[in-house]
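A.B. asks: Provided herewith is a single structure, encoded as structure tokens, for subsequent inquiry.
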Amino acid sequence: MRILITGVAGFLGSHLSDKLIADGHDVVGLDNFVTGNQNNIAHLMGNERFSFYSHDVSNYIFVPGKIDAVMHFASPASPNPESPSGYFNLPIQTMKAGALGTHNALGVAKANNAKFLLASTSEIYGDPAVHPQPETYAGNVDPVGTRAVYDEAKRFAESLTMAYHRYHGVDTRIVRIFNTYGPRMDLEDGRALPNFLKQALLGQQLTVYGEGKQTRSFCYVDDLVDGIVRLLHSDEHLPVNIGNPIEMTILEFAEAINRVTDNKAGVTFKPGQRSERDPQRRQPDITRARNILGWDPQVTLDDGLRRTIPYFKEKLGIA
Ligand code: NAD
Ligand code: UDP
């Protein structure tokens with residue numbers, strides 16, 4: 001297949017490209033580098049299976065030649081209000097990437113009679129009142145809250161995707177991605193893993209928000225990409241959760257990182273929530289992914305952290 005990936009210079013888009021090219025596909029990448037990094041795709045430049053266009057997906061997308069699948073990953077993704085690349089500080093771009101960008105990407109799929117896959121998110125469940133979260137749970141999101149620029153853009157993107165499927169017959173997929181980590185994450189984007197791993201490798205205290213009792217479930221990037229590629233090749237049109245179901249508190253996560261990096265500095269608590277409506281519990285119900293895709297994550301947290309550490313050390317200039 002010749003596959004268009006928007007947001008190709010990001011953390012997930014670049015890993016997805018590597019996997020699809022290794023599987024024998026051609027990748028056409030789009031990115032405007034608002035949160036991504038040219039270094040993430042530098043190794044693909046010159047590869048005859050890869051081509052790249054610098055473009056903002058909120059504007060009309062033109063790609064020469066036939067496209068067989070469109071995978072729409074372009075969007076700011078970090079929820080940290082202290083980070084310039086977080087969506088709190090890119091509110092209009094985030095809404096435009098989710099709304100106008102999804103519309104344009106769906107338009108490319110329709111014009112090419114191509115498959116379409118939307119990168120949605122666990123954030124569409126908001127601060128969930130149902131636990132763990134199955135795809136049938138409709139969520140708990142405040143449309144005028146400060147997080148809404150991301151949550152509601154993704155919810156709109158899902159609705160638009162289903163409208164193109166139901167009305168235009170486009171062959172669509174929706175993946176709801178839960179917290180994922182690995183090499184090529186932006187060390188400065190303020191998410192828990194980059195903050196904690198950077199702090200641990202520098203021998204600093206890890207900054208835990210609140211009492212660290214909020215929970216997440218962290219998936220290694222190779223597992224996630226495997227699940228997404230399986231979904232692309234499936235016939236499933238309704239949303240599928242992809243994430244690691246092993247839930248832990250953020251304090252436990254911080255302690256695991258200190259253990260694996262042998263950091264003796266411990267943690268420091270920052271009082272209060274990082275931002276309003278920070279989800280207090282999050283764990284994917286992956287029954288659908290197991291049944292429909294035959295998918296289950298394979299990489300343990302310790303193993304995933306060990307695979308991620310060399311990238312962080314290189315970026316930090318640590319031997
Ligand atoms: P990222 O910031 O590393 O990658 C996003 C990429 O999209 C960046 O390269 C950025 O420059 C690009 N982009 C943003 N707006 C654009 C626009 N208007 N035009 C062109 N390019 C644009 O983030 P990521 O973690 O790789 O996330 C990728 C996708 O996966 C996002 O849609 C995000 O919502 C979704 N997602 C990620 C996670 C996660 O844990 N990483 C969880 C849930 C959902
Ligand atoms: N968090 C933290 N310290 C940090 C960064 C994040 O305690 O330095 C917490 C944050 O408040 C949230 C959780 O870790 O409860 C996960 O945050 P992340 O940014 O990774 O993603 P989210 O799951 O909120 O989208």
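The values are calculated or read from the model by the stated rules, or taken from the named source; none is laboratory data. All figures in this text were calculated on a predicted structure; none of them were measured in a lab. Glycine gets a Cβ as well: all are built from the backbone with ideal geometry, and neighbour counts include every protein chain shown.
A.B. asks: Identify the residue in region 153-175 that is touching a Gly at 6+ places or on another chain (Cβ under 8 Å) and not hydrophobic (A, V, I, L, M, F, W, C) and, among all such residues, is nearest to Leu4 (Cα to Cα). Before you say what the answer is, go through the steps one by one.
C.D. replies: Of the residues in region 153-175, the ones touching a Gly at 6+ places or on another chain (Cβ under 8 Å) are 153-157, 175.
Now restrict to residues that are not hydrophobic (A, V, I, L, M, F, W, C): 154-155.
Numbers: Lys154: 19, Arg155: 22 Å.
Among those that are touching a Gly at 6+ places or on another chain (Cβ under 8 Å) and not hydrophobic (A, V, I, L, M, F, W, C), it is Lys154.
A.B. asks: Moving on. Just give me the residues in region 104-128 being among the small types (Gly, Ala, Ser) and at pLDDT below 95, in sequence order. Steps first, answer last, please.
C.D. replies: Of the residues in region 104-128, the ones among the small types (Gly, Ala, Ser) are 105, 107, 109, 111, 114, 119-120, 122, 126.
Answer for region 104-128, where residues must be among the small types (Gly, Ala, Ser) and at pLDDT below 95: just Gly126.
A.B. asks: Among residues belonging to region 135-162 that are within 18 Å of the chain's Cα centre (by Cα) and assigned to a loop (DSSP other than H, G, I, E, B), point out the one that is nearest to Gly101 (Cα to Cα). Give the derivation first.
C.D. replies: Filtering region 135-162 down to residues within 18 Å of the chain's Cα centre (by Cα) leaves 135, 147-158, 161.
With the extra rule that they be assigned to a loop (DSSP other than H, G, I, E, B), the set shrinks to 135, 147.
Working: Glu135: 24, Arg147: 19 Å.
That would be Arg147.
Listed here are the residues, each with its yes/no results for (1) within 20 Å of Met248 (Cβ to Cβ); (2) touching a helix residue (DSSP H, G or I) at 6+ places or on another chain (Cβ under 9 Å).
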site	(1), (2)
Ser275	no, yes
Arg281	yes, no
Arg288	no, no
Gly294	no, yes
Leu301	yes, yes
Leu305	yes, yes
Leu316	no, yes
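A.B. asks: Let me ask you something else. Filter region 33-53 down to residues that are crowded, with 19+ Cβ neighbours inside 10 Å and under 21 Å from Glu314 (Cα atoms) and give me whichever is farthest from ligand 2 (Cβ to nearest atom).
C.D. replies: Leu44
A.B. asks: Restricting attention to region 59-79, does a residue exist that is acidic (Asp, Glu) and within 16 Å of ligand 2 (Cβ to nearest atom)? Don't jump to the end; show me each part of the working.
C.D. replies: Residues of region 59-79 acidic (Asp, Glu): 68.
Pick out the ones that are also within 16 Å of ligand 2 (Cβ to nearest atom) and you get none.
For region 59-79, residues acidic (Asp, Glu) and within 16 Å of ligand 2 (Cβ to nearest atom): absent.
A.B. asks: Look at Leu187 and say whether it is more than 30 Å from Ile92 (Cα to Cα) and within 16 Å of ligand 2 (Cβ to nearest atom). Break it down into steps so the answer makes sense when it comes.
C.D. replies: Working: more than 30 Å from Ile92 (Cα to Cα): no; within 16 Å of ligand 2 (Cβ to nearest atom): yes.
No; evaluated as a whole, the condition is false for this residue.
A.B. asks: Where in region 197-300 are the strands (runs of 3 or more DSSP E), entirely inside, with at least 2 residues that are surrounded by 16 or more Cβ atoms within 10 Å (Cβ to Cβ) and touching a residue at least 24 places away in the same chain (Cβ under 8 Å)? Explain how you work it out, then say what you get.
C.D. replies: Values: elements: 206-209, 215-217, 240-242, 247-249, 267-270.
Per the criteria, 206-209, 215-217, 240-242, 247-249.
A.B. asks: Next up: Does region 303-319 contain at least one residue that is surrounded by fewer than 18 Cβ atoms within 10 Å (Cβ to Cβ), among the β-branched types (Val, Ile, Thr) and either in contact with a Pro (Cβ under 7 Å, 6 or more places away or on another chain) or part of a loop (DSSP other than H, G, I, E, B) (or both)?
C.D. replies: Checking region 303-319: at least one residue is surrounded by fewer than 18 Cβ atoms within 10 Å (Cβ to Cβ), among the β-branched types (Val, Ile, Thr) and either in contact with a Pro (Cβ under 7 Å, 6 or more places away or on another chain) or part of a loop (DSSP other than H, G, I, E, B) (or both).
A.B. asks: Please work out if Val108 is assigned to a helix (DSSP H, G or I), of a type outside the set (Ser, Thr, Tyr) and more than 11 Å from ligand 1 (Cβ to nearest atom).
C.D. replies: Working: assigned to a helix (DSSP H, G or I): yes; of a type outside the set (Ser, Thr, Tyr): yes; more than 11 Å from ligand 1 (Cβ to nearest atom): yes.
So Val108 passes the test.
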